Amino acid sequence: MKQIVTGILAHVDSGKTTLSEAMLYKSGTIRTHGRVDHGDAFLDTNDIEKEKGITIFSKQAVMNIADTSLTLLDTPGHIDFSTETERTLAVLDYCILVISGLRGVESHTETLWKLLERYNIPTFIFVNKMDISHLSKEDILHDLQARLHENCIELTDTDELVMCSESLMNEYLQNNAVSDSDISNAIIKRDLFPCFFGSALKLDGIDDFLSAIDRYMKMPPKQSEFGAVVYKITYDSDGKRLTHVKITGGELKAKTTLELKTEDGESYFEKADTLRIYSGDKYTSCQSVTQGSICAITGLTKTCAGMGLGFESNVLKPVLEPVLTYKLEILDNTDVHTALTRLNILEQEDPQLRIIWNELLREIHLQLMGEVQIEVLRRIISERFKMNVDFCEGAIAYRETIADKVEGVGHFEPLRHYSEVHLILEPLKRGSGIIIKSDCSEDLLDKNWQRLILTHIAEKTHTGVLTNSPITDMKITLVSGKAHKKHTEGGDFRQATYRAIRQGLMRSKSVLLEPYYSFKLEVPTACVGRAMTDLEQMSGEFSAPESDGETSYIHGQAPVSTMRGYASDVTAYTSGKGKLFLSVMGYLPCHNTDEVVNAIGYNPDFDTDNPSSSVFCSHGAGFVVPWNEVENYMHLECALKNTEDIEKRNVRIKEYVNTVINDEELLRIFEKTYGPIKRNAPQAVKKRAVAPSQKPVRYQKQKTLQDMETYLLVDGYNIIFAWEDLTKVADENLDAARELLINRLSNYCAFTKFKLILVFDAYKVKGGIGSVEHISGIDVVYTKEVETADAYIEKVTHELSKKHRVRVATSDGLEQLIILGNGAERIPASEFLDEVRKTENEIRNFIDNM
């Protein structure tokens, strides 16, 4: 029997839980068809859920459909609980997206769709409430195809089906039909999104939908090695901690000892005491679970949502984040320490519920998604912990990033301590979060110290210098550092790392970010003018209104700070006929930065918890150096300047590759050396600003004479018999060795922009009259009879060095003396080989990463 885990997602009030109930009833899992509005739905087990008629906590149910054992995860539809929904996505094989037949695609539906794209989850679409919809199937399909994906189709439409992918088209052309296997594969690849229509409340279309699930859903390939992903932490009625996981491979038995790896690399070993499989609010205990199962484990205390077990690595960090900050007021005699301990339990269950202790103000702050979550949270705290609390007016949860690339330096050297850290901070696109990497040579700083620095970067929520808000959308790269053999301790690098980040932020141009809503506003057409005026005053951006009879629709985006409470205004000025649908779209630059910064009044120079200065040592005592003077005292060179030099060199590589692509002869030689170019090189060059080599080579600066062309003369046979690989070829075929040298030097010449003259000695060639050939950008000279290459090079060097910079590659000792006498630079064959190899490696690294 296939074991498949499927989630069910929807915008609030689309009938998601009603569809779950219908599927459970029609599959024979439950005997009574419950209803949300009657408070007897199988999956809405919490009293708050029954009262409000919405899903707040994700829950599971297990049903058998023919040859499929389906674990269904019901998720919240309300935007305030969307972080709970996102956590569930990490363990899904498939998703059922429910669309209201009354309203079609809504704002939060589009947010869910983007999450499904991010987690690459195959999706079935069920359009509900068709029994009371004024829209036709064609209208809804057009809406789905326009706003979600063009391949949202009914499987009965063969013409549309075969157009979804090339494999489906080929299958149809060969067999005049499409197999179930090909349809399943297209769904898995997200080339096809099958759509079904019906009414969950009236059980219309449910049988066909269940049949399609059994027919087209495929179980992931079997894995013999154990693996699991944690997606939720809860506590049962007896206070036992439950770790909810999906088994992604192998088997897990009760009493098994598991290795838990934290984000900072530490490992813990804990025993899985018991295994539970839940269905609704009831569970069955089992001795083992296999791949495809969703179970709850007791006995684990160090787990967290998103953690991988066994062969699984930690899942992607969530996209959705709280956008509002509230102060918690304790209204009874509970002390602050006890309150924090209890709230920590809630934070474990919902990692996006940020509990913050403000030491300066001695206040508890919480970051939340919205007003409904506050109401639910107040009720949970009261019922579970017997605490009476309230929440003060929420503030916006701002973020900060930077606009330019900058190097931050931190130095910590009080007496008998030593550390210096250089970090490069650079901005990333919105929604990227914080990316941490090392690009520091182990010759400069030991690997263990590097790991420690990376740990210190990740262990703390670093804040910006405008409003002391958390930083985001930034790459932090360790590029240089220094330790002392005797005086450096682990804590020294913590201080230096924190100060380096802070110093970089102080030096850069900071950008304040605020959360934005995407919205859909439905108002009577007569109220469109008022709505557009309001949106403009709220700094909103929106498209032209779309009219449908007496109702108009406006889509757009606006800051959360200005949209708060606007739903009540819409209800008032439309006499209850208007609706506002909101969905968190992420962080964008703040619309009123100066006003916010002035209102918060944060001064980074007075923040003793986050110093940007460094500590140096002189005459046996430490002294503090302000952030803007650190470069005058630091012990290591600025790494960013070296990186910029490398970037300029990489630009030359790109120019060279473009030249190769547009020249058939160069392309032939290039591909003979480096292999075929598999991608469209000009496009690849356009996409990358810097060649992504893992560890940039530090180049020695060559002597340059401004505004003078450089000529490079190469003694051909001298080089052939000085380079070991060419010598071996020459022993068998001298012509082949000559051609190899010409090919290698043509690439080198095109990259360096040197005027290259390759001279071959022909003085023993009887009747030789001498010749010059232009091959692939270089001049190949064959000397005439009785003229040696030395003599030719000496003559040409003497003439060229008067107006040009001249370099000569040879290992002939006498020739080198003559060259120096003529004012040219000499390059021994071994050094010249190093130069050529470096150039080849740079080009090869660039091509490999195209």
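May I ask you to list the residues in the stretch 28-45 that are under 22 Å from K246 (Cβ atoms) and either open to solvent by less than 30 Å² (accessible area, probe 1.4 Å) or modelled with pLDDT under 75 (or both)?
L43, T45
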Inter-residue pairs, beta-carbon under 7 Å, first without any contact (Cβ under 8 Å) to a residue 40 or more places away in the chain and in the stretch 185-203, second open to solvent by less than 10 Å² (accessible area, probe 1.4 Å), 6+ apart: A186/L168; A186/L192
Checklist (1) touching a Phe, Trp or Tyr at 6+ places or on another chain (Cβ under 7 Å); (2) farther than 30 Å from M169 by Cα applied to I132, failing item: (1)
Filter pass, V98 being closer than 22 Å to P351 by Cα and modelled with pLDDT of 90 or more: no
Counted residues, the stretch 145-180 - those being among the small types (G, A, S) and open to solvent by less than 30 Å² (accessible area, probe 1.4 Å): 1
Members of the stretch 711-750 found to be surrounded by 18 or more Cβ atoms within 10 Å (Cβ to Cβ) and not in a helix (DSSP H, G or I), listed by number: Y711, L712, L713, V714, D715, A722, W723
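Matching residues to (1) under 28 Å from I396 (Cβ atoms); (2) in contact with a Cys (Cβ under 9 Å, 6 or more places away or on another chain); (3) not polar (S, T, N, Q):
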site: G504; (1), (2), (3): yes, no, yes
site: L512; (1), (2), (3): yes, yes, yes
site: P515; (1), (2), (3): yes, no, yes
site: T525; (1), (2), (3): no, no, no
site: E541; (1), (2), (3): yes, no, yes
Failed item in (1) part of a strand (DSSP E or B); (2) without any contact (Cβ under 8 Å) to a residue 60 or more places away in the chain; (3) among the basic types (K, R), with K429 passing the rest: (1)
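Just the residues that are in a loop (DSSP other than H, G, I, E, B) and under 26 Å from T472 (Cβ atoms), please, taken from the stretch 388-420.
The answer is C392, E393, G394, A397, Y398, A403, D404, K405.
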Top-ranked residue in the stretch 330-349 [being within 13 Å of N388 (Cα to Cα) and of a type in the set (D, E); ranked as least open to solvent (accessible area, probe 1.4 Å)]: D332
From G205, G250, residue being under 32 Å from the mean Cα position of the chain (by Cα) and at positive phi: G250
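Would you check if R276 is of a type in the set (K, R) and either under 30 Å from L582 (Cβ atoms) or open to solvent by 70 Å² or more (accessible area, probe 1.4 Å) (or both)?
For R276, the condition - of a type in the set (K, R) and either under 30 Å from L582 (Cβ atoms) or open to solvent by 70 Å² or more (accessible area, probe 1.4 Å) (or both) - is not met.
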Sole residue being more than 30 Å from G104 (Cβ to Cβ), assigned to a loop (DSSP other than H, G, I, E, B), open to solvent by 50 Å² or more (accessible area, probe 1.4 Å) and not acidic (D, E), chosen from L444, L466: L444
Yes/no for K246 being among the basic types (K, R) and part of a loop (DSSP other than H, G, I, E, B): no
Residue in the stretch 297-309 that is nearest to the chain's Cα centre (by Cα), counting only those that are open to solvent by 50 Å² or more (accessible area, probe 1.4 Å) and not hydroxyl-bearing (S, T, Y): C304
Residue among T284, T303, T341 that alone is at pLDDT 90 or above and of a type in the set (V, I, T): T284
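So, in the stretch 252-269, how many residues would count as being crowded, with 17+ Cβ neighbours inside 10 Å and modelled with pLDDT of 90 or more?
In the first step, residues of the stretch 252-269 are kept if they are crowded, with 17+ Cβ neighbours inside 10 Å; the result is 252, 254, 258, 260.
Checking the rest, the ones that are also modelled with pLDDT of 90 or more come to 252, 254, 258.
The total comes to 3.
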Residue count, the stretch 181-224 (criterion: in a helix (DSSP H, G or I) and open to solvent by 30 Å² or more (accessible area, probe 1.4 Å)): 9
All positions within the stretch 310-329 that are among the aliphatic types (A, V, I, L, M) and crowded, with 21+ Cβ neighbours inside 10 Å: V323, L324, L328
All positions within the stretch 453-498 that are without any contact (Cβ under 8 Å) to a residue 60 or more places away in the chain and of a type in the set (A, V, I, L, M, F, W, C): I453, L454, I457, I476, L478
Residue check, K246 surrounded by 14 or more Cβ atoms within 10 Å (Cβ to Cβ) and in contact with a Leu (Cβ under 9 Å, 6 or more places away or on another chain): yes
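The values are calculated or read from the model by the stated rules, or taken from the named source; none is laboratory data. Since this is a predicted model, take the numbers as computed values, not measurements. Glycine also receives a Cβ, built like all others from the backbone with ideal geometry; neighbour counts cover every protein chain displayed. Protein only, heavy atoms only, side chains kept; ligands, DNA and RNA dropped before computing areas. Shrake-Rupley method; radii C 1.70, N 1.55, O 1.52, S 1.80 Å.
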